[in-house]
Amino acid sequence: MGHTYDFKSIPGYIPKIMKAFPVTIEILLLSLLFSIIIGAIVTVGSLSKNKVCNAISKGYISFMRGIPTLVLIFLLYLGLPQVMNSIGVDMSGVSKVAYIVACLSLSTSANMAEMMRAAYLAVDKGQREAAFSVGMKGFTAFRRIIFPQAFGVAIPTLGNNIIMLFKETSLAFTVGVIDLLGKARAISSASYGTNRLEVYIATGIIFWIICFVLENLSKFIEKQYTRGRKKATS
Amino acid sequence: MANMVELKNIHKSFGDNHILKGVDMSIKKGEVVVILGPSGSGKTTLLRTINFLDAADEGSVSVHDFTVDCKKHSKSQVIELRRKTAMVFQNYNLFQNKTILENVMEGLVTVKKFKKSDAEKVSREILAKVGLAERCDFYPSQLSGGQQQRAGIARALILDPDVILFDEPTSALDPELVGEVLNTIKAVAQTGITMIVVTHEIAFAKEVASRVVFMEGGVVVEEGKPEEILVAPKEPRTQQFLRRITNPNAAEEATA
Ligand SMILES: Nc1ncnc2c1ncn2[C@@H]1O[C@H](COP(=O)(O)OP(=O)(O)O)[C@@H](O)[C@H]1O
Ligand SMILES: [Mg+2]
């Protein structure tokens, strides 16, 4: 097609795309916060002896893990305002970022719940019994003995979930949010797509570098956190 | 005060399995009661009903004049009862996220509300007594089984409980480590604290027990002074059990 690719221009696009980084980070952090809160509530339900709570939690997890995030975004962003409109609630004031945060929080919360449940169950039940045997109350035992151990178990999965969430923030462009990918698209359309490849390569590099950093950070934190605890020496 | 520990008509089932079938026991202050019995006879379950790690279905538990009805008990009663007891577990169950020192301090800080510095001071002292002065800052997984169990004993002792429950404290240990733990327990027994010890160590029982209880099938079959029960038991079931554990070869021949 007569295009000439100018790969040397790629590094130059990186700072331009990074101007949208604060938006991506905002989406990431808010979604992370809410997904952990929702995930914790769902975990309590899935571990409870109450059959109804249990069924609701398990159903929620299975639904949220099964539905593609993009489908969830279309459902909430396009479908929800219509439904709300029909019952007289106007949702035009809700920002696009809010929709994205809601969708990412919901879909990630299922992974968070699975992570928390597995980590909780991984802690030997003798640990709680020992805490009880010295006279601790249930909450104290959880806060001082169970949670810190479960957290150590969860760190690698948590790191993974954050990386997946970070990649999914790129779906924000589908509703017109100017996040990293939205910005890349804007730069590319401003020059009628002639530099498309270079811009998207630059975008890929940004995502890859950040994931690389997150992955190693998670490994480092796990190592620090569980230092000394697993080594079997005499 | 009549008795330090009093169990009345303890019954416990797991599903359809009736495990404890009416156990009564009265233990005076300073007594060291050794419980013997074949595997599966309900010894662990009995200890766990005393501190309500498993609540019995029927009966009552008293420790130092504080009585809890097993059928209807409140959370706060259970907490209070647990604070009068301490337990040493077969698998040590040291807090894996804490150092040996922190393990011992934990109960003092969270339950007895000691200041951290005070808790640390007395914890170091007690760890020195069980021979772990140099291991205070190690995590449990960095220690041998014998060291872990001695830390477990220190964690129980520091709370100054009315009774310490030992559930087969040496049965998970390599044979060469059993001695150091038994010696620690003997030293504890000499302090005059009330103890209930489930063990298969007959020589140890002879030496430290003020009373030996033989359990089988969820009931107390026979009890008495160690020289009675261990040397000249009346019940055939007790005789059989003792023959089996003091002379494993004879047992093999008998079952072969
Ligand atoms: N949590 C439990 N659920 C079901 N059965 C149990 C439980 N705990 C113990 N048991 C059963 O109770 C019986 C007595 O166990 P235990 O008290 O551990 O005996 P011992 O300590 O004398 O070997 C065993 O048959 C065991 O399988
Ligand atoms: Mg047992």
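Observations, loosely collected:
Residues are listed down the side, and each one gets a yes or a no for (1) more than 14 Å from every other protein chain (Cβ to nearest Cβ); (2) hydrophobic (A, V, I, L, M, F, W, C):
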position: A:83; (1), (2): yes, yes
position: A:87; (1), (2): yes, yes
position: A:101; (1), (2): yes, yes
position: A:117; (1), (2): yes, no
position: A:126; (1), (2): no, no
position: A:139; (1), (2): no, yes
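- Residue B:186 more than 16 Å from ligand 1 (Cβ to nearest atom), within 16 Å of the chain's Cα centre (by Cα) and without any contact (Cβ under 8 Å) to a residue 40 or more places away in the chain: yes
- Taken together, the residues in the stretch B:74-88 that are charged (D, E, K, R) and open to solvent by 60 Å² or more (accessible area, probe 1.4 Å) amount to 3.
- Listed by first and then second residue, the pairs with beta-carbon distance under 7 Å, at least 6 apart or on different chains, first residue in the stretch A:143-162 and more than 10 Å from every other protein chain (Cβ to nearest Cβ) and at negative phi, second among the hydrophobic types (A, V, I, L, M, F, W, C) and surrounded by fewer than 21 Cβ atoms within 10 Å (Cβ to Cβ), are A:153/A:122; A:155/A:221; A:159/A:214; A:162/A:32; A:162/A:214.
- Selection of first residues in the stretch B:165-181 that are free of Cβ contacts under 8 Å to residues at least 40 places away in the same chain and within 21 Å of residue B:85 (Cβ to Cβ) and of second residues that are open to solvent by 10 Å² or more (accessible area, probe 1.4 Å) and assigned to a helix (DSSP H, G or I), restricted to Cβ pairs under 7 Å at least 6 apart or on distinct chains, gives the following pairs, ordered by first then second residue: B:170/B:178; B:170/B:182; B:181/B:150.
- Listed by position, the helices (runs of 4 or more DSSP H) contained in the stretch A:53-158 that have at least 2 residues being open to solvent by 60 Å² or more (accessible area, probe 1.4 Å) and of a type outside the set (Val, Ile, Thr) are A:69-74, A:80-86, A:96-122, A:125-133.
- Selected residue [within 12 Å of another protein chain (Cβ to nearest Cβ), at pLDDT 95 or above, out of contact with any His (no Cβ under 8 Å at 6 or more places or on another chain) and surrounded by fewer than 18 Cβ atoms within 10 Å (Cβ to Cβ)] from B:91, B:51: B:91
- Filter result for the condition that a residue is modelled with pLDDT under 95 and either among the hydrophobic types (A, V, I, L, M, F, W, C) or within 16 Å of ligand 2 (Cβ to nearest atom) (or both), over B:198, B:219, B:163, B:231: B:231
- The sole residue among B:8, B:98, B:71 that is among the basic types (Lys, Arg), assigned to a strand (DSSP E or B) and open to solvent by 20 Å² or more (accessible area, probe 1.4 Å) is B:8.
- Lone qualifier among B:5, B:63 - being within 14 Å of another protein chain (Cβ to nearest Cβ), away from ligand 2 (no atom under 16 Å from the Cβ) and within 17 Å of the chain's Cα centre (by Cα): B:63
The values are calculated or read from the model by the stated rules, or taken from the named source; none is laboratory data. This is a predicted model, so every value here is computed, not measured. We place every Cβ from the backbone using ideal geometry, glycine too, and count neighbours over all the protein chains shown. Side chains are part of the model used for accessible areas, which takes the heavy atoms of the whole protein and leaves out ligands, DNA and RNA. Shrake-Rupley method; radii C 1.70, N 1.55, O 1.52, S 1.80 Å.
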